[in-house]
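These notes concern the structure reproduced below.
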Amino acid sequence: MNNKIYYGDNLDVLRRFIKDESVDLCYIDPPFNSKRNYNQIYNNIGKEDKAQTQVFTDTWTWDDYAMQGLAEIQSNYNGVFTTQSIDLIQGLTKVLGKGSLLAYLVSMTLRIAEIQRVLKPTGSFYLHCDPTASHYLKLVLDAIFCPKNGNYINEMVWIYSRMAAKGQKQLSRCHDVIFWYSKGKTWLFNVDEIRLPYAETSKARAGYKKTNLGGGSPKSEICELNNIGKFPEDWIQIPFIRGKEYLGYPTQKPEALLERIIKASSNEGDVVLDAYCGCGTTLAVSERLKRQWIGVDITYQSISLVLKRLEDQDKNVLENIEISGIPKDRESAIALANKKDDRLRKEFEKWMVLTYSKNTAVINEKKGGDGGIDGVAYISDRNEKSEIENKKVLFSVKSGKKLNPDNTIDALSGVITREDAACGILLTLYPMPNLVKASKHYGLYHNDLINKDYPKIQVICVEELLNGARLELPNVVAVVKKAEQHQQQLKLG
Ligand SMILES: C[S@@+](CC[C@H](N)C(=O)[O-])C[C@H]1O[C@@H](n2cnc3c(N)ncnc32)[C@H](O)[C@@H]1O
């Protein structure tokens, strides 16, 4: 099996593409119902504050999706829902009412039931959440897994530290919860793979016992402790990632945490699924530990970051990955541009800008007042004082069938001047020969650093993008951090 990345809604992907009993281990880290928006943080490049763009929202409302989901659970769609899970959601509808929390739990129930279906009989499922809704999620998990011969194994706790907010009126929330369930009555547990070193105090205590209570030499006991390592507990302390490992992706999880889960519950060659893969922590660790893997995410920013992260880790890795859901022809590009799904707002624009710029552009979320700019990349140039500085390259995406030069090319040229940008690129869904012709009147941009000219405005259509057209400018600055290459496996603890 090739490793696979799916760009799309995981419910749809699970239902259409993932076969019954085909996955050894599934870990998910879905939105937690935190009622927040999460932003990608970019490297500091321009003169402005650190740029950030919303990647995904974690706000739930009782909308058409929730209503449809509730109806699917009640009618046991796909035959995946146990009587207990149907009754539970029915009961929670009464208790919670049709609001944000129920919408979240309906969404999770739909997906967890499919995950239970795709797990192999010896498979394990880890659900990462926090105390916001963990008490409800455990009910959902029990209702889906236990009636079908499954087992609740552990509630793991990941502890981290965090600064208290000014004037905070509660204890600092410093842990996440990870539920571990098995599909059947037997499951894999590679305990020796995840033993942690004993604390020095434990070793000292063991030495003391041997000396004072008899029975062998203290040295050999300590040596034994060193060799075996401590039986793993259901909690682990790992710092929140910042620093080297951090790719600026909100909610990115530490590789050490995933390493522990993957090693404990899978062997080399096993299939690992992450249905909410974010920036690909599970996938990167699975790749390194020689597991097969499947990742799913609904936002293109995540997908492009996963691809970049895997390639940074090993430049040949992309050859063995199947990527599904990304437009491959004009029809699928049109379908993405016309998706009537609020959760997918600006996905078409993001796909075009990130693909054309080879993931070197910052996505611009702002609507109106910014002259229709959807992304900004930066290139090094020399200013009038001969100092090296970063200049903007502006991207504007248009999905209209008919565009006239006045409110596209002229408008873009106006923003280029206003922003003192180097040049601009208009990305269109349909071929636009009239705009290509008009763009030629805007002349050239001269890059002083390498003493070369480039078109001031270029027009690129989807077909060209699909045929491999990519940004060809010198010294484009990286806006997303390069993932580390791992020569050796991570150390836990
Ligand atoms: C908390 S983040 C996961 C972070 C990840 N564990 C990491 O280390 O990078 C949740 C991810 O789920 C994705 N997501 C939300 N709803 C989804 C859905 N219905 N299908 C697929 N992905 C979804 C979001 O785009 C986001 O990237």
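What number of residues within region 131-144 are more than 15 Å from I89 (Cβ to Cβ) and either buried (at least 16 other Cβ atoms within 10 Å of the Cβ) or β-branched (V, I, T) (or both)?
Looking only at that region, the number is 2.
Would you kindly identify the helices (runs of 4 or more DSSP H) lying entirely within region 10-124 that contain at least 3 residues that are over 20 Å from the mean Cα position of the chain (by Cα)?
Passing ranges, in order: 64-74, 83-96, 100-118.
Filter region 123-154 down to residues that are of a type in the set (A, V, I, L, M, F, W, C) and out of contact with any strand residue (DSSP E or B) (no Cβ under 6 Å at 6 or more places or on another chain) and give me whichever is modelled with the lowest pLDDT.
Only one residue fits best here, namely A133.
Looking at region 254-300, which of its residues are surrounded by fewer than 24 Cβ atoms within 10 Å (Cβ to Cβ), within 9 Å of the ligand (Cβ to nearest atom) and not aliphatic (A, V, I, L, M)?
Within region 254-300, P254, E255, Y276, T299 meet the criteria.
Consider region 308-328. How many of its residues are assigned to a helix (DSSP H, G or I) and closer than 25 Å to I41 by Cα?
7
In this structure, is I89 crowded, with 18+ Cβ neighbours inside 10 Å and away from the ligand (no atom under 16 Å from the Cβ)? Steps first, please.
Details: crowded, with 18+ Cβ neighbours inside 10 Å: yes; away from the ligand (no atom under 16 Å from the Cβ): yes.
So I89 fits the description; yes.
Yes or no: F240 within 16 Å of the ligand (Cβ to nearest atom), modelled with pLDDT of 95 or more, of a type in the set (F, W, Y) and within 28 Å of the chain's Cα centre (by Cα)? Let's see the steps before the verdict.
Working: within 16 Å of the ligand (Cβ to nearest atom): yes; modelled with pLDDT of 95 or more: no; of a type in the set (F, W, Y): yes; within 28 Å of the chain's Cα centre (by Cα): yes.
No: the conditions fail for F240.
Which one of the conditions (1) away from the ligand (no atom under 16 Å from the Cβ); (2) within 30 Å of N190 (Cα to Cα); (3) of a type outside the set (D, E, K, R) does L101 fail to meet, given that it meets all the rest?
For L101, the failing item is (2).
Looking only at region 1-34, filter to residues that are at pLDDT 95 or above and polar (S, T, N, Q); which one of those is farthest from the ligand (Cβ to nearest atom)?
Per the stated criteria, the residue is S22.
Among the candidates L305, L336, single out the residue that is closer than 24 Å to C461 by Cα, at pLDDT 90 or above, assigned to a helix (DSSP H, G or I) and in contact with an Asp or Glu (Cβ under 7 Å, 6 or more places away or on another chain).
Going through L305, L336 in turn, just one is closer than 24 Å to C461 by Cα, at pLDDT 90 or above, assigned to a helix (DSSP H, G or I) and in contact with an Asp or Glu (Cβ under 7 Å, 6 or more places away or on another chain): L336.
Return yes or no: is A377 among the small types (G, A, S), modelled with pLDDT of 95 or more and buried (at least 17 other Cβ atoms within 10 Å of the Cβ)?
Answer is yes for this residue.
Do you know which residues across region 90-103 are touching a Ser or Thr at 6+ places or on another chain (Cβ under 9 Å) and without any contact (Cβ under 8 Å) to a residue 40 or more places away in the chain?
Listed by number, the list holds a single entry, G99.
Test I298 against the criterion of being in contact (Cβ under 8 Å) with a residue 12 or more places away in the chain, in the same structural domain as R162 (by TED's automatic domain parsing) and closer than 30 Å to A469 by Cβ, and give yes or no.
Yes, satisfied.
For region 92-106, what are the residues that are surrounded by fewer than 20 Cβ atoms within 10 Å (Cβ to Cβ) and not aliphatic (A, V, I, L, M)?
Passing the criteria: T93, K94, G97, K98, G99, S100.
The values are calculated or read from the model by the stated rules, or taken from the named source; none is laboratory data. Note that the structure is predicted; figures quoted are calculated from it, not measured. Methodologically, a virtual Cβ is constructed for each residue, glycine included, from the backbone with ideal geometry; neighbour enumeration extends over all protein chains shown.
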